[in-house]
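Asks: Quick one: the structure is below, questions incoming.
The values are calculated or read from the model by the stated rules, or taken from the named source; none is laboratory data. Please read these numbers as outputs of a predicted model, since none were measured by experiment. Here Cβ is always computed from backbone atoms with ideal geometry, including for glycine, and neighbour counts include all displayed protein chains.
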Amino acid sequence: MIKAILMDFNGVIIDDEPIQMRAYQSVLKERGVDLTEEDYYDSLGMDDKTFVRAAFERVAKTVSDDECAEIVSAKTAVWRREVSEKLPLFDGIEGFIEKMARVYTLGIVSMANLSEIEHVLETANLRRYFSTIVSAADVSKCKPDPECYDLGFRMIDAVRTSAGHLPMTREECVVIEDSPPGVAAAVKADLQALGVTNTVPADKMRAAGARATSNDLRDWFPESIRLVFATE
């Protein structure tokens, strides 16, 4: 029986992939690095520092650790200004999270920086629904490496056991992802994955290992999760 759900953040809760891309394009352009839409979407699953280094390597340039940190900080500032004007949550995501939280323990596993995640969750009054958050600062490898989802599972299982529940099996935890690297990371961590097609078509999500796909999370209810991802 499914007991917990780990959700990605960008592309699942907040519809900000285009905003992230524009912010990076603006900041990188000032440093002589062009970023195309294809470049951006080929880099899904990367944390900010890995993303910046990859952008510089793509044009045969190097970037110091200090400059990389400055670029990430500048990108976050541009992103925050834009999302603060109107928080671009996916339609119905608040309702989806609320109804899932009534039945399942919820957590977030994302390669975003924690300040961005916390800013959105606090602004949208959604922080109370998530017992755990794994951000880029918590891991050394980005998706598709399974480190983040392995950690996410262990953290959310610890929350449940500390509340008196029995330990979970990996099959009892479902991941919701919007990118093939994210799905692959979940599968490598022996977790089941639901691919939501907010960013990438369903066929690519299934090819990465998603057990099921969805065009709209509003179509899903706790019982839907239980039936599709049944473990017994």
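Asks: Does SER214 satisfy being under 25 Å from TRP79 (Cβ atoms) and either modelled with pLDDT under 95 or crowded, with 18+ Cβ neighbours inside 10 Å (or both)?
Replies: Answer is no for this residue.
Asks: In addition: Which one of GLU116, GLU94 is surrounded by 14 or more Cβ atoms within 10 Å (Cβ to Cβ), part of a helix (DSSP H, G or I), in contact with a helix residue (DSSP H, G or I) (Cβ under 8 Å, 6 or more places away or on another chain) and assigned by TED's automatic domain parsing to the domain that holds ASP178?
Replies: Just one listed residue meets the conditions, GLU116.
Asks: Whether any residue in segment 25-38 is of a type in the set (Asp, Glu) and surrounded by 14 or more Cβ atoms within 10 Å (Cβ to Cβ) is what I want to check.
Replies: no
Asks: Moving on. Identify, from the list GLU57, GLU82, the residue that is at pLDDT 95 or above and more than 21 Å from GLY195 (Cβ to Cβ).
Replies: After applying the criteria, what remains is GLU57.
Asks: Six or more apart or on different chains, Cβ atoms under 6 Å: show the pairs whose first residue is in segment 171-184 and surrounded by fewer than 24 Cβ atoms within 10 Å (Cβ to Cβ) and among the hydrophobic types (A, V, I, L, M, F, W, C) and whose second is at pLDDT 95 or above and in a helix (DSSP H, G or I).
Replies: Hits for this filter: ALA184/ALA208.
Asks: Consider GLU122 carefully, then state whether it is at pLDDT below 95, assigned by TED's automatic domain parsing to the domain that holds VAL175 and either surrounded by fewer than 18 Cβ atoms within 10 Å (Cβ to Cβ) or at negative phi (or both).
Replies: Here the answer is no, as GLU122 does not meet what is asked.
Asks: Return yes or no: is GLY182 within 19 Å of ALA212 (Cα to Cα), not polar (S, T, N, Q) and not assigned by TED's automatic domain parsing to the domain that holds TYR40?
Replies: So GLY182 passes the test.
Asks: Moving on. Quick one: would you say GLU122 is over 19 Å from GLY209 (Cβ atoms) and without any contact (Cβ under 8 Å) to a residue 12 or more places away in the chain?
Replies: yes
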